[in-house]
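First up is the structure itself, then whatever we jot down about it.
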Amino acid sequence: MTPLQGITVLDLTRVLSGPYCTMLLADMGARVIKIEQPGRGDDTRAWGPPFVGGESAYFLSINRNKESVTLDFKTPDGRALLDRLIAKSDVVVENFRPGTLAKLRLDYASIADRHPRLVYCSISGFGHTGPRSQEPGYDAVMQAEGGLMSITGAADGPPYRVGVAIVDIVSGMFAAHGIALALFARERSGRGQAVDVAMLDSVAALLTYQAAIYFTTGSAPSRMGNRHPTIVPYETFAASDGEFVLAVGNDEQWRRFCEVAAFEDHGRFTTNAARVTGYAQLKPLLDAHLRSRTRVDWIERLTAAGVPCGSVRDLHDVFSDAQLSARDMIAHVEHSRIGALTLLGVPVKLSATPGDVRSAPPTLGQHTDAVLRRDLGLDEPGIASLRSRGVV
């Protein structure tokens, strides 16, 4: 048994935020039917290289455990089929620009009365309310507009975006969270509801303590490289053979650091407040001291003393770590074209009802015939007719 077993999700999304959301639901047992444009599919099917077996690595990363159905729901026949699928679904997820589906009478307001138990999730750049609701949303733009780039990068360098599309990903996470809450509420009320997730809201929510610094001081935080604004030392340092991260989170950890590292602070930096205000004096002393040993030497010594630290690793090092294998974070599935395929595993570990990676990402339209037959009762001549007219 999985947490979302018996829940059917009709996925009208593409690219990253929506597919990431529906992947999270699928991992926990929901049946996800991904609707794609005939002949083209999700935009990310064309994103690459790299491609493997003709499939985009990008697409493969976020579409496991789903069924792919090609359907042009802008045609009358396609719309009729989509309406029948909606009637059989618990959840609809879409990430069109606000107003796009309203023109097709496929927005929540248009279908809620006919489907009162439906949970309808919309993911967009700026949300469905407010003066900027009609603007499109793209991850890089949202990292800029949401302030994240202004605090990412070296103090004397340009702003940088994060190395993954973090706004898309966190928007998908918030959407999955909202859907789960709406399904839970439905158990008590018997009714579904709309879930409205904006990328701008999502990135703003990530600002947490940086936002609190602004609210408290009235001054916008600036870029500080890998340094933390309120904890010292909490950043990267160069050992004799490469970089590692030292993350001293409290004064007891600092005391242990000084002891195991044989670092004498002469009583000047015993409190975190003193280390923050005295950063300009402390940092050069730490730099010189930590260059005296290798990363492995420092990490072994500090870890044994309970001082948080770790190497700056590349992805080869990360995925060679036995810890990830032990936690089932590297999954292996069989793909219909590629054969053996390696994917990331499920990060949320439930003791009684765990999720899992059950099936590989689908090829375009891989499940069209099966869904039309099994779920909608169409026969082979009917499906062939739809295909000849470009409906599926």
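State whether the residues of region 308-327 include one that is part of a loop (DSSP other than H, G, I, E, B), surrounded by fewer than 16 Cβ atoms within 10 Å (Cβ to Cβ) and in contact with a Pro (Cβ under 6 Å, 6 or more places away or on another chain). Show your work before the answer.
Taking region 308-327 and keeping what is part of a loop (DSSP other than H, G, I, E, B), we get 308, 312-314, 320-321, 327.
Then drop every residue that is not surrounded by fewer than 16 Cβ atoms within 10 Å (Cβ to Cβ), which leaves 308, 312-314, 320-321, 327.
Keeping just the survivors that are in contact with a Pro (Cβ under 6 Å, 6 or more places away or on another chain) gives none.
No: zero hits.
Return the only residue of 343, 376 being outside any loop (DSSP other than H, G, I, E, B) and aliphatic (A, V, I, L, M). Lay out the reasoning, then the answer.
On the way: 376 fails: outside any loop (DSSP other than H, G, I, E, B).
The unique qualifying residue is 343.
Quick one: which of 83, 77 is in a helix (DSSP H, G or I), open to solvent by 10 Å² or more (accessible area, probe 1.4 Å) and either among the aromatic types (Phe, Trp, Tyr) or touching a Leu at 6+ places or on another chain (Cβ under 7 Å) (or both)?
Numbers: 83 fails: either among the aromatic types (Phe, Trp, Tyr) or touching a Leu at 6+ places or on another chain (Cβ under 7 Å) (or both).
From the options 83, 77, the qualifying one is 77.
May I ask you to say which residue of 10, 24, 4, 16 is out of contact with any strand residue (DSSP E or B) (no Cβ under 9 Å at 6 or more places or on another chain), surrounded by 22 or more Cβ atoms within 10 Å (Cβ to Cβ) and closer than 21 Å to residue 192 by Cβ? Step through it out loud before you land on a result.
Working: 10 fails: out of contact with any strand residue (DSSP E or B) (no Cβ under 9 Å at 6 or more places or on another chain); 4 fails: out of contact with any strand residue (DSSP E or B) (no Cβ under 9 Å at 6 or more places or on another chain); 16 fails: closer than 21 Å to residue 192 by Cβ.
After applying the criteria, what remains is 24.
Can you tell me how many residues in region 346-373 are assigned to a loop (DSSP other than H, G, I, E, B) and among the acidic types (Asp, Glu)? If you could, list the steps in order and put the result at the bottom.
We begin by selecting, within region 346-373, every residue assigned to a loop (DSSP other than H, G, I, E, B); these are 346-367.
Subset that is among the acidic types (Asp, Glu): 356.
Of the residues in that region, 1 qualify.
Can you spot a residue in region 89-96 that is open to solvent by less than 30 Å² (accessible area, probe 1.4 Å), in contact with an Asp or Glu (Cβ under 7 Å, 6 or more places away or on another chain) and closer than 27 Å to residue 200 by Cβ?
Taking every residue of region 89-96 in turn, at least one turns out to be open to solvent by less than 30 Å² (accessible area, probe 1.4 Å), in contact with an Asp or Glu (Cβ under 7 Å, 6 or more places away or on another chain) and closer than 27 Å to residue 200 by Cβ.
Considering each of 65, 95 in turn, give the residue that is of a type in the set (S, T, N, Q) and at positive phi.
Working: 95 fails: at positive phi.
Among 65, 95, only 65 is of a type in the set (S, T, N, Q) and at positive phi.
The values are calculated or read from the model by the stated rules, or taken from the named source; none is laboratory data. The structure displayed is predicted, hence computed values, not measured ones. Methodologically, a virtual Cβ is constructed for each residue, glycine included, from the backbone with ideal geometry; neighbour enumeration extends over all protein chains shown. For accessibility, only protein heavy atoms count, side chains too; no ligands or nucleic acids. Shrake-Rupley method; radii C 1.70, N 1.55, O 1.52, S 1.80 Å.
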